[in-house]
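One structure is given below, encoded as structure tokens.
The values are calculated or read from the model by the stated rules, or taken from the named source; none is laboratory data. Since we're looking at a predicted model, the values are computed, not measured. Positions of Cβ are backbone-derived with ideal geometry, glycine not excepted, and every protein chain shown enters the neighbour counts. Just so you know, the surface numbers come from the protein's heavy atoms only, side chains and all, with ligands and any DNA or RNA stripped out. Shrake-Rupley method; radii C 1.70, N 1.55, O 1.52, S 1.80 Å.
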Amino acid sequence: MALLAALSGCSRKESRPAEAEAAPRVDTPAKTEARGAILFFSADVRGYLGPCGCSENMRGGIARAASQVKEAGKGALPVFYVDGGDSLFGHSTLKPEQVPQEERKAKALAEAMKHMGLKVRAVGELDDTRGADFRQGLGLPELAPGGEKVIAAGARKVGVVSASDAAGLKQAGARARAGGASFVVGLFHGTMEDAQRAAATPELGVDLVLATHTASEFDGEQNKLTRDAVPVVALQSKGRSLLRVDLSYGAKPGRFTPQKTAEDAEKEAASIDRRMELLDREINLPGVDPQLKRLKQQKREELVARRQALLTAPVAAAGDTDSFTLRFVPLESTLPSDPDTLAVVNAYDADVGKMNLEWAREHGQDCPAPQKGQAAFVGSAACAECHADTFPVWEASKHTRAWKTLEEVGKQFHLNCTSCHVTGWEQPGGVCRLDKVAGRENVGCESCHGPGSLHVEDPSTDNITAHPGQAVCVTCHNPENSPHFDFATYVPKILGPGHGKPLEVKRKP
């Protein structure tokens with residue numbers, strides 16, 4: 001506990017008021033009468049400071065998001081950043097060993113949002129995982145459910161409202177209009193489908209609805225937009241994309257309408273997205289030729305630059321009428337990171353491994369022993385005694401280097417990563433403590449074939465998983481860690497003589 005106390009003491013000593021941490025204010029004299037404004041939105045971040053890094057070209061990262069917001073702020077228009085909620089934590093409940101890491105991460109996210117000049121944020125249930133007192137102690141500018149906030153945005157005012165049903169949107173929107181808002185965004189705490197039903201309400205009174213909540217962890221894998229009378233948007237979850245809204249003010253205030261001239265750029269960006277998706281599949285293919293991979297990566301970087309130019313190009317004034325443009329900003333791996341925000345992320349990475357290891361030493365509990373008749377983990381060395389011919393195939397795979405890949409980036413004691421990089425994590429007879437991982441590092445035989453003690457005692461196909469199926473693989477090769485995983489394509493890459501294929505018979509000369 002001494003280490004935890006020291007770390008928390010450092011955190012208090014280095015903390016500053018929210019105003020000091022925020023990005024430079026945007027209401028300079030040159031911007032107070034600007035003929036437009038730029039709004040950035042995040043939502044459903046689920047406690048992600050950045051992608052896990054298990055695959056090539058993974059999107060996301062609060063430092064990349066900060067760079068986008070700050071770069072836009074260098075222009076002539078005022079820029080505002082808004083968060084839709086469900087951003088501080090990824091799950092509504094935490095195990096005791098997860099608490100130090102997840103609280104430290106939430107504090108890092110809050111600090112990063114202040115660096116980005118966060119103007120307002122709604123609150124979802126995932127933000128209250130550690131209770132309302134913890135959430136409020138982070139000092140973020142919150143918008144209560146059913147509430148509204150009116151922001152001066154150049155020559156107009158923008159309203160941001162929070163609700164979980166159509167009636168709440170309508171009432172809060174009316175109050176925002178009464179407060180002078182010309183453009184109103186509804187932060188809707190519900191799924192895309194729920195938001196669409198709410199947006200169909202006659203005379204809803206908002207110009208845009210952002211669905212800020214997903215039903216489950218993997219429901220937010222894509223950016224979504226429906227262009228109904230009131231556009232409805234859902235962001236790719238876990239901080240992988242931002243929504244950018246460009247407002248253009250006409251000669252006279254009036255109802256905002258979507259800019260038709262932006263649709264061509266939107267179509268071109270969508271075409272680039274499809275080409276990048278194909279390249280990603282080829283780049284992430286196991287065993288791809290290194291030279292070919294480099295060429296495809298270079299082409300992908302060119303496409304990212306082209307799309308980024310489309311997504312950040314200034315929006316031309318639309319004449320006499322007020323208008324707006326919606327653009328998704330995917331936070332690609334080749335985009336720059338804001339140095340100040342990256343320092344916040346790096347400080348978290350440096351702290352959390354030490355905190356988790358210290359917690360394990362003081363409070364960790366060993367995994368329960370297997371029940372009578374239940375197999376226990378014996379380690380890959382025991383398998384080698386009878387299956388030595390299999391090991392050259394396994395040793396040539398990335399599975400045998402799984403732990404090293406964490407050590408190389410300093411994440412071997414991050415609880416978000418451990419389960420897929422050791423054998424038998426949190427299983428009876430396996431490993432349940434970060435300080436007792438030795439001997440269970442890497443994705444060993446028993447990760448795929450199951451614990452092997454019964455098989456060692458009595459070799460039989462009845463007491464071991466001889467041919468693991470896709471269900472075993474996707475426990476780790478899920479849409480987040482391995483978005484391009486295809487069972488039929490990947491499995492042959494880990495098979496070979498003695499491991500899924502017949503042994504080669506050596507003929508005598």
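So here's what we get for this one:
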read-out: Prolate/oblate/rounded call for segment 254-317, Cα gyration tensor, a/c under 1.5 rounded; value: prolate
read-out: Per-residue SASA entry for TRP425, accessible area with 1.4 Å probe, Å² rounded to 10; value: 30 Å²
read-out: Residue-normalised accessible area of segment 388-509, expressed per residue, 1.4 Å probe, Å²; value: 59 Å²
read-out: Gain upon complete extension [ALA382, GLU408; 0.36 nm per residue less C-alpha separation]; value: 6.6 nm
read-out: Share of carbon and sulfur in the accessible heavy-atom surface of the chain [1.4 Å probe, %]; value: 53 percent
read-out: Amide hydrogen neighbours beyond the local backbone of GLU426, cut-off 5 Å, H modeled; value: VAL431, CYS432
read-out: FRET efficiency estimate (nearest 0.05) - Cβ-Cβ, HIS363 to ARG294, R0 60 angstrom; value: 0.80
read-out: Square roots of five times the Cα gyration tensor eigenvalues for the chain, Å; value: 47, 27, 20
read-out: For the chain: relative contact order, % (alpha-carbon pairs under 8 angstrom, 6 or more apart); value: 15 percent
read-out: Computed E for ALA167/ASP219 - FRET, C-beta separation, R0 35 angstrom, nearest 0.05; value: 0.90
read-out: Violating pairs (Cα-Cα greater than 31 angstrom) within the set LYS70/LYS252; LYS105/LYS299; LYS238/LYS267; LYS224/LYS299; LYS95/LYS149; value: LYS105/LYS299; LYS95/LYS149
read-out: Proximal charge balance of VAL184 [Cβ under 13 Å; K/R count +1, D/E count -1]; value: +3
read-out: Long-range amide H partners of GLY36 with built H, under 5 Å; value: ALA155, TYR249
read-out: Anisotropy class of segment 303-453 from Cα gyration tensor, a/c 1.5 cut; value: prolate
read-out: Where LEU415, LEU204 fall by accessible area, highest first, once all protein chains stay in place (1.4 Å); value: LEU415, LEU204
read-out: For GLY75, net neighbour charge (Lys/Arg +1, Asp/Glu -1) across residues whose Cβ lies under 13 Å away; value: +3
read-out: Segment 166-231 shape via C-alpha gyration tensor axes, a/c threshold 1.5; value: prolate
read-out: Sum of side-chain charges, VAL160 neighbourhood, beta-carbon under 9 Å (Lys, Arg +1; Asp, Glu -1); value: +1
read-out: Surface accessible to a 1.4 Å probe, per residue, for the residues of segment 206-344, Å²; value: 47 Å²
read-out: Cross-link reach list, lysines versus LYS293, counting only Cα pairs under 18 Å and skipping chain neighbours closer than eight places; value: LYS398, LYS493
read-out: Vicinal HN-Hα couplings computed from phi for segment 138-151 (Karplus, 6.51 cos²θ - 1.76 cosθ + 1.60; Hz; Gly/Pro x); value: 6, x, 8, x, 9, 10, 5, x, x, x, 9, 9, 10, 10
read-out: Antiparallel content of DSSP bridges confined to the chain, in %, to 5; value: 45 percent
read-out: Candidate residues PHE487, PHE377: accessible-area rank, largest first, probe 1.4 Å; value: PHE487, PHE377
read-out: Extension gain, ASP273 back to LYS501 (0.36 nm per residue minus Cα-Cα distance, nm); value: 78.3 nm
